[in-house]
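First comes the structure, then the notes that go with it.
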There are 4 protein chains.
Amino acid sequence: MSTEQFTSTQKRLAEFFGSATLVFVIVSSGLLADGMLEASPSIGVLFIGLATAGWLFVLVQMLGPISGAHLNPAVTVALLVTGDTDMKTARQYVPVQFLGGLIGVGLAGLTFVSTIGWEVFAISAVERPASTWLAEFLGTMLLASAIISLIRQDSEWIGLAVGFTVGMGIIGTASTAFFNPQVALARVFTSGIAGIQPFDAVMFMVASTFGGVAAGFMWRYLWPRPSLIGKQEPKPDDDSVLEELATET
Amino acid sequence: MSTEQFTSTQKRLAEFFGSATLVFVIVSSGLLADGMLEASPSIGVLFIGLATAGWLFVLVQMLGPISGAHLNPAVTVALLVTGDTDMKTARQYVPVQFLGGLIGVGLAGLTFVSTIGWEVFAISAVERPASTWLAEFLGTMLLASAIISLIRQDSEWIGLAVGFTVGMGIIGTASTAFFNPQVALARVFTSGIAGIQPFDAVMFMVASTFGGVAAGFMWRYLWPRPSLIGKQEPKPDDDSVLEELATET
Amino acid sequence: MSTEQFTSTQKRLAEFFGSATLVFVIVSSGLLADGMLEASPSIGVLFIGLATAGWLFVLVQMLGPISGAHLNPAVTVALLVTGDTDMKTARQYVPVQFLGGLIGVGLAGLTFVSTIGWEVFAISAVERPASTWLAEFLGTMLLASAIISLIRQDSEWIGLAVGFTVGMGIIGTASTAFFNPQVALARVFTSGIAGIQPFDAVMFMVASTFGGVAAGFMWRYLWPRPSLIGKQEPKPDDDSVLEELATET
Amino acid sequence: MSTEQFTSTQKRLAEFFGSATLVFVIVSSGLLADGMLEASPSIGVLFIGLATAGWLFVLVQMLGPISGAHLNPAVTVALLVTGDTDMKTARQYVPVQFLGGLIGVGLAGLTFVSTIGWEVFAISAVERPASTWLAEFLGTMLLASAIISLIRQDSEWIGLAVGFTVGMGIIGTASTAFFNPQVALARVFTSGIAGIQPFDAVMFMVASTFGGVAAGFMWRYLWPRPSLIGKQEPKPDDDSVLEELATET
């Protein structure tokens with residue numbers, strides 16, 4: 001993705017808008033199912049998973065060409081390990097990711113004030129016990145792995161891959177797939193089923209960051225940065241221009 | 001999308017057919033779940049969300065090359081703000097979008113007359129209170145944002161992005177995602193769970209239109225119209241044809 | 001799709017295999033949900049819709065390059081009206097489509113003999129009353145419309161469009177989306193929730209065939225066969241080869 | 001897929017990582033729905049189906065360029081029959097596929113130890129009676145067929161096709177879609193709804209392997225290996241380079 005055309009302010013706005021919208025849809029779908037439609041817990045989690053899969057796909061498609069659509073400090077860290085991003089970018093992105101998430105949980109709550117009431121805002125008491133931290137580590141490792149491999153392939157499928165890894169992780173893992181430190185922090189501030197109590201949020205933040213780091217190192221071995229399969233730029237050589245053309249297609 | 005090949009009558013027919021089909025599937029899936037299959041409210045909303053995601057994707061894929069597949073006055077307005085469409089087109093599209101929606105809700109009701117009865121036609125009494133208007137504003141802003149960005153990218157993923165933004169918004173937002181003034185009007189005229197009482201429909205129409213306008217202005221800053229990343233036509237210059245060829249690929 | 005490479009026997013085998021698999025998954029998912037898992041009717045229909053969407057997408061992707069993956073006499077008829085197929089092909093395809101469907105419902109039943117018993121085979125008594133015939137007409141019109149438009153665009157999305165039109169039509173229309181005469185016939189021979197009583201099957205066959213014909217005529221006006229937007233072959237002209245190359249990209 | 005760039009160790013790591021993750025998500029989504037959220041059996045199967053569809057798609061997209069992303073001995077066998085892979089590769093892949101699956105079921109159980117307890121590890125007693133073995137044969141035949149055809153087409157849709165064939169097979173077939181001998185073995189070692197008792201696992205392994213073989217022979221007739229539709233490399237001939245260029249586009 002060639003993002004050189006955009007200013008760092010535009011990129012930070014993209015990361016902010018995307019991070020806020022991601023948290024918005026996670027919290028909002030949970031409040032809709034559980035608070036308004038009185039769904040069973042499993043249908044509530046299904047709502048969150050499908051809604052997140054859909055909108056996260058859209059966010060990556062929409063913002064990818066601008067900022068790379070990390071929206072997730074653990075992804076930014078993984079791309080630091082592989083060399084796909086740099087410290088300057090990381091320092092610009094991570095604060096607006098966290099800020100976006102907090103705005104997102106606030107906006108989501110506001111849209112339910114008329115139907116559920118102000119009690120949507122609360123410090124969550126939902127427990128996420130120790131074995132689910134392992135799920136966060138493994139799941140974030142898969143998420144970052146998918147992103148790194150699809151960057152290597154210069155693939156158009158990265159949006160769907162990110163959306164499905166997180167969204168279907170929500171209905172597929174013991175932690176219901178946060179896989180994202182800023183999302184873990186933001187989800188402390190809701191009374192809905194998407195919440196997480198503060199201590200467990202800290203553990204999720206640690207586990208998902210380590211998952212990103214682990215993926216970064218695995219892919220430094222599996223597919224290091226310079227090698228691009230089937231997408232290599234034509235190497236300048238001594239052959240005539242015409243021969244070079246003949247081998248491209 | 002190069003739509004110059006089609007006459008304005010063909011384009012208006014495409015907008016009419018698409019708008020009618022969009023409302024048809026929203027109302028019909030709700031009647032099927034709630035009126036025929038006696039599903040719980042949450043499963044009813046899930047039916048509407050998934051069915052709308054699927055068919056709206058199909059409509060955009062099918063009609064996009066002909067009319068641009070707006071099917072939504074708020075999208076037409078957003079594209080007016082960014083300069084991606086013009087007033088003449090807007091004046092042609094918006095009336096047939098509203099007309100299509102009304103035909104769509106009528107046809108949907110007709111297909112349930114044998115199983116549910118003529119009471120499917122009614123002025124809806126379903127309330128959509130004030131905080132859900134904010135959800136309409138925010139959701140339509142996301143929808144229009146996705147469309148504008150994917151137009152900028154000349155992306156093939158626009159159909160899936162539109163389908164998932166609306167369809168997964170239905171299970172992900174406090175308003176169950178109308179995001180479309182003509183849909184809000186049409187859904188007044190059904191007794192099903194997809195309905196909306198008249199006053200709230202007016203507020204939804206206002207909120208979604210403002211959401212489209214807000215997205216238009218945001219993207220005038222984030223990614224204004226002339227800049228097309230990676231899709232630029234080769235500029236004519238003084239270099240030889242062969243050199244030009246060598247840099248393309 | 002260039003299908004000239006395949007013999008008519010290979011094409012007929014593809015149509016047979018695809019038609020059988022399509023009916024297999026429709027009937028099988030219904031028996032699984034209703035007969036084995038004791039799901040509620042709405043969850044049963046959701047199973048059928050999602051499973052059909054997924055597998056029909058796969059069948060079109062897999063068999064499209066061989067036979068065009070009609071799998072549906074109403075689609076074959078629609079493509080006759082638009083001139084996208086010919087009578088000789090239609091005469092070869094339609095009998096194996098019907099035969100495939102009958103084999104499909106038989107195999108689906110066999111896979112449930114140990115768990116549900118031989119009563120899976122029966123003449124269905126499920127009623128599909130008159131207003132649902134209108135849903136069949138409208139839905140098949142949409143299905144054939146999507147196929148014709150995506151053929152015009154030479155689009156890679158045709159598999160997903162076909163899968164989603166039918167699969168999400170199952171949870172989105174009063175008829176639960178047969179949209180296919182051979183499927184209507186085959187589904188007479190099952191005791192499951194996917195069944196249809198013989199008289200209604202005949203009416204569904206008529207309605208879906210008319211839907212295909214109506215779509216064919218609509219698209220003869222909206223987008224007749226010779227015009228391919230943005231996919232036109234370079235016209236031979238008097239300019240040099242190099243100039244021609246320079247304008248392609 | 002050009003996988004020549006990767007070492008056999010990298011390829012085996014990819015097969016191991018993918019096989020483990022595939023089993024992980026199947027077992028984990030079942031434990032989440034049934035053990036933690038107390039979902040009904042049908043919703044439990046829906047969780048497994050959707051989660052598997054999503055993550056398997058991601059795994060194929062992510063690992064396809066490295067190892068081909070078989071993750072399934074029956075697929076490896078099918079590709080042996082068609083000549084798309086060789087015995088040396090098969091001997092390297094199959095053991096790590098089985099090993100990966102066993103690690104995957106172990107990790108999935110570990111993530112539920114705090115919430116469900118150590119009883120997640122058990123020899124399964126879930127029966128999968130005789131008629132479901134036919135479902136395994138037919139479903140694996142479809143899975144391998146889809147893979148072979150999409151390899152022939154050099155299609156980018158292979159990830160989605162594999163994910164949807166298996167994932168929607170889970171909610172669409174009498175066997176709830178194992179379609180994979182290593183998955184059948186691994187799922188012996190869980191107490192969850194995704195389990196299978198040892199004898200039936202052996203029968204599933206046999207049935208799915210035969211399904212792969214049958215698909216291989218069918219496609220040796222339908223679309224043998226050398227013919228690539230529309231993707232043929234330019235044949236070297238006596239014409240000038242320029243003429244060759246003019247015919248490519």
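What do you reckon, is C:PHE16 part of a helix (DSSP H, G or I) and not β-branched (Val, Ile, Thr)?
So C:PHE16 fits the description; yes.
Would you check which residues across the range A:157-213 are without any contact (Cβ under 8 Å) to a residue 60 or more places away in the chain, hydrophobic (A, V, I, L, M, F, W, C) and facing another protein chain (nearest Cβ under 7 Å) and list them?
Correct list: A:TRP157, A:ALA161, A:ALA174.
So which of D:VAL60, D:VAL45 ends up being in contact (Cβ under 8 Å) with a residue 24 or more places away in the chain and closer than 18 Å to A:TRP223 by Cβ?
That would be D:VAL60, the only listed residue that is in contact (Cβ under 8 Å) with a residue 24 or more places away in the chain and closer than 18 Å to A:TRP223 by Cβ.
Regarding the range B:143-155, can at least one residue be identified that is among the β-branched types (Val, Ile, Thr), at pLDDT 95 or above, assigned to a helix (DSSP H, G or I) and surrounded by fewer than 24 Cβ atoms within 10 Å (Cβ to Cβ)?
The first filter runs over the range B:143-155 and keeps only residues among the β-branched types (Val, Ile, Thr), leaving B:147-148, B:151.
Now narrow it down to the ones that are at pLDDT 95 or above: B:147-148, B:151.
Next, only the ones that are assigned to a helix (DSSP H, G or I) stay: B:147-148, B:151.
Keeping just the survivors that are surrounded by fewer than 24 Cβ atoms within 10 Å (Cβ to Cβ) gives B:151.
Yes, there is a match, as at least one residue in the range B:143-155 is among the β-branched types (Val, Ile, Thr), at pLDDT 95 or above, assigned to a helix (DSSP H, G or I) and surrounded by fewer than 24 Cβ atoms within 10 Å (Cβ to Cβ).
Suppose the filter is at negative phi, more than 8 Å from every other protein chain (Cβ to nearest Cβ) and within 14 Å of the chain's Cα centre (by Cα); does B:ILE151 pass it?
For B:ILE151, the condition - at negative phi, more than 8 Å from every other protein chain (Cβ to nearest Cβ) and within 14 Å of the chain's Cα centre (by Cα) - is not met.
Given the conditions (1) assigned to a loop (DSSP other than H, G, I, E, B); (2) farther than 22 Å from A:GLY30 by Cα, report the number of the one that A:GLY195 does not fulfil.
(2)
What's the number of the only condition in (1) at pLDDT 95 or above; (2) crowded, with 18+ Cβ neighbours inside 10 Å that D:THR115 fails to meet?
Among (1) at pLDDT 95 or above; (2) crowded, with 18+ Cβ neighbours inside 10 Å, the lone unmet condition for D:THR115 is (1).
Restricting to the range A:95-148, give me the number of residues that are away from chain D (no Cβ under 14 Å) and either without any contact (Cβ under 8 Å) to a residue 60 or more places away in the chain or of a type in the set (Ser, Thr, Tyr) (or both). Outline the logic, then answer.
Taking the range A:95-148 as the starting set, the residues that turn out to be away from chain D (no Cβ under 14 Å) are A:95-125.
When the remaining residues are screened for being either without any contact (Cβ under 8 Å) to a residue 60 or more places away in the chain or of a type in the set (Ser, Thr, Tyr) (or both), the result is A:95, A:110-111, A:113-115, A:117-118, A:124.
So the answer is 9.
Let's see how each residue does on (1) crowded, with 19+ Cβ neighbours inside 10 Å; (2) among the β-branched types (Val, Ile, Thr); (3) at pLDDT 95 or above:
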position	(1), (2), (3)
B:VAL188	yes, yes, yes
B:SER191	yes, no, no
B:ALA207	yes, no, yes
B:PRO224	no, no, no
B:LEU245	yes, no, no
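Do we have A:GLN92 as touching a residue at least 60 places away in the same chain (Cβ under 8 Å) and either touching a Pro at 6+ places or on another chain (Cβ under 8 Å) or of a type in the set (Lys, Arg) (or both) here?
Answer is no for this residue.
Go through D:LEU99, D:LEU46, D:LEU71 for me and flag whichever is in a helix (DSSP H, G or I), surrounded by 24 or more Cβ atoms within 10 Å (Cβ to Cβ) and of a type outside the set (Val, Ile, Thr).
Only one candidate passes the filter, namely D:LEU46.
What pairs can you find where one residue is in the range B:11-32 and surrounded by fewer than 24 Cβ atoms within 10 Å (Cβ to Cβ), the other is assigned to a helix (DSSP H, G or I) and polar (S, T, N, Q), and their Cβ atoms are less than 6 Å apart, with a gap of 6+ or different chains?
Between residues of the range B:11-32 that are surrounded by fewer than 24 Cβ atoms within 10 Å (Cβ to Cβ) and residues that are assigned to a helix (DSSP H, G or I) and polar (S, T, N, Q), the close pairs are B:LYS11/B:SER67; B:ARG12/B:GLN92.
For residues in the range D:119-129 being more than 14 Å from D:VAL105 (Cβ to Cβ) and touching a helix residue (DSSP H, G or I) at 6+ places or on another chain (Cβ under 8 Å), which is surrounded by the fewest Cβ atoms within 10 Å (Cβ to Cβ)?
Ranking the qualifying residues of the range D:119-129, first place goes to D:GLU127.
State whether one or more residues within the range C:230-243 are modelled with pLDDT under 95, surrounded by 14 or more Cβ atoms within 10 Å (Cβ to Cβ) and within 8 Å of another protein chain (Cβ to nearest Cβ).
Yes.
Of all residues being within 21 Å of the chain's Cα centre (by Cα) and more than 7 Å from chain B (Cβ to nearest Cβ) in the range A:32-52, which is farthest from D:MET36 (Cα to Cα)? Just the residue, please.
A:THR52
Of the residues that make up the range D:114-135, is at least one over 16 Å from the mean Cα position of the chain (by Cα), in a loop (DSSP other than H, G, I, E, B) and of a type in the set (Phe, Trp, Tyr)?
Yes: one or more hits.
Quick test of your reading of the structure: D:ALA74 fulfils all but one of (1) within 30 Å of C:GLY106 (Cα to Cα); (2) under 22 Å from the mean Cα position of the chain (by Cα); (3) at the interface with another protein chain (Cβ under 10 Å from one of its Cβ atoms); (4) not hydroxyl-bearing (Ser, Thr, Tyr). Name the failing condition by number.
The one condition D:ALA74 does not meet is (3).
When the range C:83-109 is examined, which residues are found to be over 18 Å from C:LEU13 (Cβ atoms) and touching a Leu at 6+ places or on another chain (Cβ under 6 Å)?
none
Working carefully through the options D:GLN92, D:GLN61, find the one that is at negative phi and surrounded by fewer than 24 Cβ atoms within 10 Å (Cβ to Cβ).
Exactly one of D:GLN92, D:GLN61 is at negative phi and surrounded by fewer than 24 Cβ atoms within 10 Å (Cβ to Cβ), namely D:GLN92.
The values are calculated or read from the model by the stated rules, or taken from the named source; none is laboratory data. Model, not experiment: these values are computed from the prediction. Quick reminder, even Gly has a Cβ in these numbers, built from the backbone with ideal geometry, and neighbours come from all protein chains shown.
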